[in-house]
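S.K.: Structure below; questions to follow.
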Amino acid sequence: MPDQATPNRLYFGDCLEIMAEYIPDKSIDLIYLDPPFNSKRIYKAFIGGAQWVAFDDTWRWYEAIDDFHAVAGDVSLAPTMEGLRRILGEGGELAYLSYMANRLRECWRVLKPTGSIYLHCDPTMSHYLKIVMDGIFGKKNFRNEIIWHYRKWSTGKYAFQRNHDVLFLYSRSGSRERVFNQLYMPRTASTIKRFGNKRIISDYFGL
């Protein structure tokens, strides 16, 4: 493993292997993950008119046993993973969470003490992923749950429509030096005249 990461470089491959080989401890300021969601869907791509399977988001226990034992062997994560195994059994959901936990644990290693991590998921597994994140980053370092709402015009026949994603924000530590930069947007001319020239960006984002 190098003493420091090479700047301005893109890596292609499994992030677990890339981080283990190329990324030093406590060297990353910000991590954003948009991983598989356990959607149980096959995603296809077209290249040169030919269709091929780009990714199969279906998880099988026998394929994730190594991931499970890797994280279950971690003293800090063992109670979390054993609890999830008792709740879910040895199936696709636990396979997915074992895959994620092994990579999130590596994210914790490379994140600076002042750094933050955003995990993008959806309601399919978000409630379990938050437990995993608490086990790795510590529940005291949970900062925000951000809801990304998007429109779906049709209504569900048997349940409410699923129309949002979830982003969990955690910090590496509770350090007061933790970086969080408030975002601003322009005020109207009348508001500037009365109050000044900046206002905080609204908490609502929709598509």
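S.K.: On the basis of being of a type in the set (Val, Ile, Thr), in a loop (DSSP other than H, G, I, E, B) and either modelled with pLDDT of 90 or more or over 25 Å from Arg178 (Cβ atoms) (or both), does Thr80 make the cut?
M.R.: Against the criterion (of a type in the set (Val, Ile, Thr), in a loop (DSSP other than H, G, I, E, B) and either modelled with pLDDT of 90 or more or over 25 Å from Arg178 (Cβ atoms) (or both)), Thr80 does not qualify.
S.K.: Quick one: in segment 1-21, which of the residues that are surrounded by fewer than 15 Cβ atoms within 10 Å (Cβ to Cβ) and assigned to a helix (DSSP H, G or I) is farthest from the chain's Cα centre (by Cα)?
M.R.: Among them, the one singled out is Glu21.
S.K.: Tally the residues that are at negative phi and part of a loop (DSSP other than H, G, I, E, B), restricting the search to segment 137-148.
M.R.: 0
S.K.: Name the residue, out of Leu111, Leu119, Leu129, that is crowded, with 19+ Cβ neighbours inside 10 Å, closer than 21 Å to Asp57 by Cα and touching a residue at least 60 places away in the same chain (Cβ under 8 Å).
M.R.: Criteria check complete, one pass: Leu119.
S.K.: Now for a different question. Quickly run through segment 181-196 and pick out the residues that are loosely packed, with under 10 Cβ neighbours inside 10 Å and within 27 Å of the chain's Cα centre (by Cα).
M.R.: Asn181, Gln182, Leu183, Met185
S.K.: Can I ask one more? So Arg151 ticks every box in (1) among the charged types (D, E, K, R); (2) surrounded by 15 or more Cβ atoms within 10 Å (Cβ to Cβ); (3) in a loop (DSSP other than H, G, I, E, B) but one. Which box is left unticked?
M.R.: Arg151 satisfies all of (1) among the charged types (D, E, K, R); (2) surrounded by 15 or more Cβ atoms within 10 Å (Cβ to Cβ); (3) in a loop (DSSP other than H, G, I, E, B) except (2).
S.K.: Could you check Asp74 against (1) part of a helix (DSSP H, G or I); (2) surrounded by 12 or more Cβ atoms within 10 Å (Cβ to Cβ); (3) charged (D, E, K, R) and say which number it fails?
M.R.: Going through (1) part of a helix (DSSP H, G or I); (2) surrounded by 12 or more Cβ atoms within 10 Å (Cβ to Cβ); (3) charged (D, E, K, R) one by one, Asp74 breaks only (1).
S.K.: With the requirement that a residue be closer than 20 Å to Ser173 by Cβ and touching a residue at least 24 places away in the same chain (Cβ under 8 Å), what does segment 139-162 give you?
M.R.: Lys140, Asn141, Phe142, Arg143, Asn144, Glu145
S.K.: Right, something else. Considering only residues that are more than 22 Å from Leu88 (Cα to Cα), in a helix (DSSP H, G or I) and of a type outside the set (A, V, I, L, M), which ones fall in segment 100-136?
M.R.: Within segment 100-136, Glu106, Cys107, Trp108, Arg109 meet the criteria.
S.K.: Scan segment 154-177 for residues that are assigned to a loop (DSSP other than H, G, I, E, B), surrounded by 13 or more Cβ atoms within 10 Å (Cβ to Cβ) and modelled with pLDDT of 80 or more and report the count.
M.R.: The number of residues fulfilling the criteria is 3.
The values are calculated or read from the model by the stated rules, or taken from the named source; none is laboratory data. From a predicted model like this one, the values you see are computed outputs, not experimental measurements. As a convention, Cβ positions derive from the backbone with ideal geometry for all residues, glycine included, and neighbour counts pool all protein chains shown.
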